[in-house]
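*Asks:* Pasting in a structure now, in structure tokens, and then I'll have a few things to ask.
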């Protein structure tokens with residue numbers, strides 16, 4: 001039987017630590033951790049000023065990982081992300097100067113501000129955990145997480161992410177505005193200095209990697225797998241959806257459900273894990289049809305309809 005206690009321990013330590021900076025957002029913090037535990041990437045769609053950058057910094061400090069922030073702008077080049085080879089006149093050789101993507105936790109701020117060519121510079125790093133510059137491949141350090149942000153309100157001067165780019169993100173989430181009491185607590189916490197300045201490390205990168213391995217041992221019954229496939233298949237047949245989720249979407253839901261079960265202290269997945277992870281893993285992968293877009297149909301509403309209509313599988317005793 002897998003020992004998933006390390007997953008819950010890691011999740012609780014990081015969540016408790018990060019919540020001293022990101023107040024009142026336990027669910028959103030844990031969603032970020034689920035992406036990290038699944039070795040996936042996270043897309044945060046929200047308005048400026050709600051703490052997206054602070055969340056990434058707090059996560060990296062809690063783990064003791066190298067953190068880099070990339071501010072995407074229309075004039076950025078792919079080499080500004082991956083790095084560039086520079087000729088050294090002393091050694092008469094080219095030397096690789098790594099770009100900001102060569103970190104462990106990378107925040108790509110306002111990702112849709114960059115041109116598609118620059119956005120594409122992230123694809124190899126996100127999918128294959130490596131970058132290739134001038135024919136030479138450089139592996140990324142573990143753990144590796146890309147957290148991308150984009151403003152859902154302001155679209156002037158932006159380049160919408162293509163489907164291939166969106167599909168690389170395991171989860172999508174929002175932080176949202178805090179409640180009044182939480183906003184009061186934020187004001188009090190920053191009366192003299194920002195709490196991020198005193199935030200310490202609570203786990204090691206090695207412990208996180210061990211937790212990532214433990215997540216892959218969580219048991220998933222065939223009935224649960226059939227349920228995942230049925231949900232994803234329903235997105236491809238829905239009349240309001242022009243393009244449904246791909247097999248990568250099925251894998252994302254499968255991985256996220258396992259991580260959610262492990263964080264919940266279970267070594268097996270139940271249908272509720274799949275239901276809770278369906279929206280953050282699938283909604284950004286769905287392309288609404290033009291006729292449905294005119295009616296302001298939201299992919300989240302479509303997913304809720306699918307979850308209500310697809311039968312939940314029964315339970316059976318696991319064979320020894």
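The values are calculated or read from the model by the stated rules, or taken from the named source; none is laboratory data. Please read these numbers as outputs of a predicted model, since none were measured by experiment. Here Cβ is always computed from backbone atoms with ideal geometry, including for glycine, and neighbour counts include all displayed protein chains.
*Asks:* State whether one or more residues within segment 229-249 are surrounded by fewer than 22 Cβ atoms within 10 Å (Cβ to Cβ), assigned to a helix (DSSP H, G or I) and under 17 Å from the mean Cα position of the chain (by Cα).
*Replies:* Scanning segment 229-249, I find at least one residue that is surrounded by fewer than 22 Cβ atoms within 10 Å (Cβ to Cβ), assigned to a helix (DSSP H, G or I) and under 17 Å from the mean Cα position of the chain (by Cα), so the answer is yes.
*Asks:* Run residue 34 past the list (1) surrounded by fewer than 24 Cβ atoms within 10 Å (Cβ to Cβ); (2) farther than 19 Å from residue 197 by Cα; (3) modelled with pLDDT of 90 or more and report the number of the one that doesn't hold.
*Replies:* (1)
*Asks:* In segment 37-47, what count of residues is obtained for those that are surrounded by fewer than 21 Cβ atoms within 10 Å (Cβ to Cβ) and in contact with a strand residue (DSSP E or B) (Cβ under 9 Å, 6 or more places away or on another chain)?
*Replies:* Of the residues in segment 37-47, 3 are surrounded by fewer than 21 Cβ atoms within 10 Å (Cβ to Cβ) and in contact with a strand residue (DSSP E or B) (Cβ under 9 Å, 6 or more places away or on another chain).
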